[in-house]
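J.: One structure, pasted below without further comment.
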Amino acid sequence: MASFIAVPLKKTYEVDFVKPLRTFIQNTFTQADPDDYNQALSEFNKLRTTMITKSVDKHESALEVLYRYYDQLVAIENKLPIAENQIRVQFKWRDAFDEGSFLSGKRNLAIASAAYEKVCVLYNIAALQSQIAAIQNHDNNEGLKLTVKLFQQACGIFGHLKDVVLSHVQQDPTPDLNPDTLSALSALMLAQAQESIYRKATQDKMKESMVAKLAYQTSELYSDAMKLMQLGSIRELWPKDWLPTVVMKQAGFHGMSEFYQSCVAQQNKSYGEEIARLQHCMELLNASATRGGTTFNFRQEQARGQRALESAKKDNDFIYHDKIPDLKTLDPIGKAVVAKSASVAQPMSTKFVDLFEKIVPLPVHEALTTFENRKSQLVNMEVGRLREATQLINSVLASLNLPAALEDLSGERVPQSLLDKAQQVQEMGGLARIDQLMSDLPELLNRNREILTESMKSLDDEEKSDQQLREQFKDKWSRTASGALTKPMRDEAGKYKSILDTAIQADHIVKQKYDTHKNAIALLSKPKGDIESALPAASAAASMQNSDVVKTLRDLIEQVSTIKAERDVIESELKEAKFDMSGKFFQALATEGLINEEPLSASELDRVYSPLREQVSDSIHRQEAVLSQIQNSNTEFTNAKSSNQNAAQRETMLKDLAAGYDSFMELKGNLEEGTKFYNDLTPLLVRLQTKINDFCFARKTEKDELMADLQKAIANTPAQAPPVAPRYQGGSGQQQSTQDTSSPSAAPGAPTAAPRGVPPPRPPPPSAPSTAGPNSAITGATKPSPSAAAAASAPPPGGVPTGLPYSPNPTQPGHGQPPYGGGYPGAGAPGAGPGQWQAPYPGYPGQGYPMPQMPAGYNPYNPYMGYPHQPPAAGYPQQQPPGGYPQQQPPQGYPQQQPPQGYPGQAAPPYPQQGYPYPGYPPQQQYP
């Protein structure tokens, strides 16, 4: 007896997950090896394919596949974001209620969004649950329990989708995903769950009062579903038997609630109430049968209720004689709300295992990336302070020619510190190494600029194409605008462009420093003998070697060396500091659902780097004090040291060589950092270019599909009917008539006006009267027929002067004689002589005689133009010519006119005066 409605499934098409997901892992999680996830990607791809094929199996094993796929989609939502501007995988789903046709095609919607995929998969889970529930064996408890469970779960899923579909699907959804549709399906599933509980209650033979409440609640739920399903926006969506089934069940279960409540009334010996409820029950079941038609499945209950009603009436008539109350006075039955919507479980599958468990969620990855950026910024700032202070002290010592001036007191040999510096320069490659780095830098820069330029050009071309098509197709071009999707990529490209611009400026500074110290670096790159020969000789100052000022300067130079060594240790500690932020970010994501990265990172960075930052500041302060002492002592040393011109030149060259060493070390470091920077930037730009190329390719594929759909829609649009060809071209022309033949006042067979430019056809020759002879007479009065009266009130036909107060009527008696014995050949009638005259006068007003079409140029007032081929009026041999035309009275009042009845003895009514003289008319007989 139970017949449940099963929701149809949405159809989808296969996609490829492997390539786009692998590319994203490679580009985003730089520390991960994409090859480690090949098996997981293949399993994920296979899982979706299995989901498509297993959906048609109406079994719980098919549900398990859908559960696992949905859980995997939820698991990767925060790890591998599938969206139009992230991982672009196009999901195409068909409307579940669209059967499609050869011409109109099918209602499809394709969106590159994991949220849209989740919505569609959830819909199919609920639809498959309804299908499995509908085919269960509802005659046993296990089948009914599973049916109740599945319908309640389907109700919860449809209700959940109703709340989230518009936020998850950014475009207009297909009709099956319309919130009104989902709300109606949710209500329908809940009603069917309540019906299953009612079935189980009847099988378990529960108390009639409880069964009545269950049935009444079932009727109410079907009533809610019926109202939602009959909304104008979705009414035409349902299969043809759905609404009749729901309407039938709504009335049927209301009737069954009355039936079981009548049993309660019988038990309470309220026989009148029993009969009233049974009568209402039969009314409802009969209405259910009428509404449901072939879907009616309460026939057994209907027969059972009829038997109970007859038995109750019989017993009441012969035994109880209880008064039958009015239905309005009866107590309400009440409701038993048992079926309820089930919430969406998470995870849905008990056997779910995340295929991408090793990948951290994207919020955690982004938080870690942001933390690393904060850490790098802080480290670079502190290391920069240290290096700037070191460069300052090196430049001051080089300007003072220290410590070379202390070592060159003899003025003959090269200072040992300078020789050590020259050896370091030579070991590091010397000027050749700097030249090589300088030549490689522009090539690396140009390579990165070309990658960035090509990427931006691809984005510009794609946006231009999309804009042109949007302007061409207007609202029909329904896909997301390129500008909204490419903004993150353009922002990233803009960031890289600014980085490159800054690097170019830094390269110029390096080039200027290279040009300034190129000669000094070249000399340091030469052997010791070349350096000695290049230095000018100076007078000896050996007496100053043990002086106090020299000792002081040497102590200060040692302190400078100590400060530099301490700075190397501090810089190493700054760069090698370790943090464990993953646990903190995971904990924050689990407890709060989001990661507030900034305060977490700031507190951890401050905890680790605060002591190191204090050491950097202390080192800089100590340097300032040492430099002040060095400058004072060097002034004293310079005053005490005798010098000549050669000594000044020698000291200047030593200063230049010391500055050249410092510049070499700085240039080498800067150029190597620049080379590493450009080499590290290249893969980032290549990833951006790959992302942009994938995006442009996907957009091109989407554009081609949308263009194909638009072309199909345009081709299937019904063409407008061509204009009707005019008659002179052989067409039917546009029929226009001054007389509306459909009007009740139009006379049958009335002529129509000829089209403009086309001459009217000649009238057909009249047929001779067969019954009236020349000697026939009117023996009785004749009344005009209703059709004639109607014709008299019709407007004049085309071609007749509209100023006449009457319609021409050549068939009126007495108007059939030819003029002056002549007339048209063959116009005579039987019994009419050749000299008889046919009058061309128009008929009396209101006589109702139809008028044939006039030939072109006909004038009814010309006495010499008679009606062609008109037979003479028969039956009036004594007709006299109309007399007294010159004395005819004006048309007001018609004093001589008699009523049309009584033709015998009736005088001919005078014609209305038209203002035209009628000379020479032959005499006309008067009516007897």
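J.: Let me check something: with ligands and nucleic acids excluded, how do CYS696, CYS281 order by accessible area (1.4 Å probe), largest to smallest? Show your work: numbers first, answer last.
T.: Working: CYS696 25, CYS281 0 Å².
Listed by decreasing accessible area, they come as CYS696, CYS281.
J.: Moving on to the next point. Rounded to the nearest Å, what's the spacing between the alpha carbon centres of the range 304-379 and the range 14-61? Just the number, please.
T.: 33
J.: Something else about it: For the range 343-443, which whole-number percentage of the solvent-accessible area (1.4 Å probe, protein heavy atoms only) is attributable to carbon and sulfur atoms?
T.: Numbers: 2620 of 5170 Å².
Here it works out to 51 percent.
J.: Over the Cα atoms of the range 84-176, what Rg and Dmax result, in angstrom?
T.: Rg, Dmax (Cα atoms, Å): 16.1, 53.
J.: Just the accessible area per residue of the range 570-728, please: how many Å² with a 1.4 Å probe?
T.: 58
J.: If one puts a single equal scatterer on every Cα of the range 213-359 and applies the Debye formula without solvent, what log₁₀ I(q)/I(0) results at q = 0.18 Å⁻¹?
T.: These q points yield log10 I(q)/I(0) values of -1.03.
J.: Sorted from largest down, give the three principal axis spans of the alpha carbons of the range 1-143, whole angstrom values.
T.: Rounded to whole Å, the extents work out to 62, 43, 20 Å.
J.: Starting from the eigenvalues of the Cα gyration tensor, five times each then square-rooted, give me the equivalent ellipsoid semi-axes of the range 151-275, largest first, whole Å.
T.: 35, 15, 10
J.: May I pose another question? Would you work out which of THR50, ILE5, VAL15 lies farthest towards the positive end of the dipole of the range 1-68? Charges go on Cβ: Lys and Arg +1, Asp and Glu -1.
T.: ILE5
J.: Spelling out what I want: for every residue of the range 696-709, take phi, set θ = phi - 60°, compute 6.51 cos²θ - 1.76 cosθ + 1.60 (Karplus), and round to whole Hz; glycine and proline get x.
T.: Whole-Hz 3J(HN,Hα) from phi for the range 696-709: 5, 5, 5, 5, 5, 4, 5, 5, 5, 5, 5, 4, 5, 5.
J.: Taking the Cα centre of the range 342-499 as origin, sum charge times position over the Cβ atoms of Lys and Arg (+1) and Asp and Glu (-1), and report the length of that vector in debye to the nearest 20.
T.: 660
J.: Where does each of ARG199, ARG291 land when they are ordered by accessible area, with a 1.4 Å probe and the largest first?
T.: Largest to smallest exposure gives the sequence ARG291, ARG199.
J.: Continuing with this model, one more query. Can you give me the P(r) profile for the range 277-329? Cα pairs, bins 10 angstrom wide beginning at 0, each as a whole percent.
T.: Taking all Cα pairs of the range 277-329, the binned fractions are 24, 44, 25, 8 percent.
J.: Which value, in Å², gives the accessible area per residue of the range 169-311 when a 1.4 Å probe is used on the protein heavy atoms? Working shown, then result.
T.: Details: 5780 Å² over 143 residues.
Spelled out: the 1.4 Å probe surface of the range 169-311, per residue, equals 40 Å².
J.: Could you give each residue of the range 285-290 its phi-based ³J(HN,Hα) in whole Hz, using Karplus coefficients 6.51, -1.76, 1.60 with θ = phi - 60°, and x for Gly or Pro?
T.: 5, 5, 5, 5, 5, 5
J.: While we're on this one: Give the peptides 302-315, 241-254 in descending order of average Cβ contacts within 10 Å, highest first.
T.: Ranking the peptides 302-315, 241-254 by packing returns 241-254, 302-315.
J.: With the contact rule set at Cα under 8 Å and sequence spacing of 6 or more, what percent relative contact order holds for the range 270-396?
T.: 29
J.: Using a 1.4 angstrom probe on heavy atoms only, work out the carbon and sulfur share of the accessible area of the range 8-83 in %. Walk me through the intermediate numbers first.
T.: Working: 1620 of 3540 Å².
Of the solvent-accessible surface of the range 8-83, carbon and sulfur hold 46 percent.
J.: Here's a follow-up. Would you work out the charge dipole size for the range 4-78 about its Cα centre, treating the Cβ of every Lys and Arg as +1 and the Cβ of every Asp and Glu as -1, and quote it to the nearest 20 debye?
T.: 380
J.: Working with all protein chains in place, sort SER395, SER525 by solvent-accessible area computed with a 1.4 Å probe, largest first.
T.: Reading off the accessible areas and sorting them downward yields SER395, SER525.
J.: Got a number for carbon plus sulfur as a percent of the range 210-310's accessible area, 1.4 Å probe?
T.: 47
J.: Sort the following peptides by mean Cβ neighbour count (other Cβ atoms within 10 Å, averaged over residues), highest first: 40-47, 64-71.
T.: 64-71, 40-47
J.: Still on this structure, I have one more. Would you mind getting the accessible area per residue of the range 1-131, heavy atoms of the protein chains only, 1.4 Å probe, in Å²?
T.: On a per-residue basis, the range 1-131 sits at 41 Å².
J.: A follow-up question, please. Using protein chains only and a probe of 1.4 angstrom, how many square angstrom of ARG607 are accessible, to the nearest 10?
T.: 150
J.: Got a sec to turn the phi values of the range 114-120 into Karplus ³J(HN,Hα) couplings, 6.51 cos²θ - 1.76 cosθ + 1.60 with θ = phi - 60°, whole Hz, x for Gly and Pro?
T.: These are the phi-based 3J(HN,Hα) values: 5, 5, 5, 4, 4, 4, 5 Hz.
J.: Also: Place a +1 charge on the Cβ of each Lys and Arg in the range 64-143 and a -1 charge on the Cβ of each Asp and Glu, then give the dipole magnitude about the Cα centre in debye, rounded to the nearest 20.
T.: The calculation lands at about 440 debye.
J.: Between PHE91 and residues 5 or more places away or on another chain, which pairs have amide H atoms under 5 Å apart, with H built 1.01 Å from N, and which residues are they?
T.: Those qualifying (amide H under 5 Å, at least 5 residues apart or on another chain) are ILE111, ALA112, SER113.
J.: Could you tell me the calculated FRET efficiency between ALA484 and THR369, based on Cβ-Cβ distance and R0 = 25 angstrom, to the nearest 0.05?
T.: In this case the efficiency is close to 0.55.
J.: Pull out the extension gain between ASN38 and ASP315, defined as 0.36 nm times the separation in residues minus the alpha carbon to alpha carbon distance; nm, one decimal.
T.: That pair, ASN38 and ASP315, stretches by 91.6 nm at full extension.
J.: Same structure, new question: Take the alpha-carbon centre of the range 65-101, take the same for the range 691-716, and report the distance between them in whole Å.
T.: Comparing the Cα centres of the range 65-101 and the range 691-716, I get a distance of 19 Å.
J.: Here's a follow-up. For the range 206-232 and the range 389-463, what is the separation of their C-alpha centers, rounded to whole Å?
T.: 87
J.: Could you work out the relative contact order of the range 558-687, using alpha carbon pairs under 8 angstrom and six or more residues apart, expressed as a whole percent? Before the final figure, lay out each step's value.
T.: Details: 21 pairs, mean separation 35.9, N = 130.
Relative CO of the range 558-687 lands at 28 percent.
The values are calculated or read from the model by the stated rules, or taken from the named source; none is laboratory data. Small disclaimer: the values here were computed from a predicted structure and weren't measured. No Cβ is skipped: glycine too gets one built from the backbone with ideal geometry, and neighbour counts run over all protein chains shown. Just the protein is used for accessible areas: all its heavy atoms, side chains included, with ligands, DNA and RNA removed. Shrake-Rupley method; radii C 1.70, N 1.55, O 1.52, S 1.80 Å.
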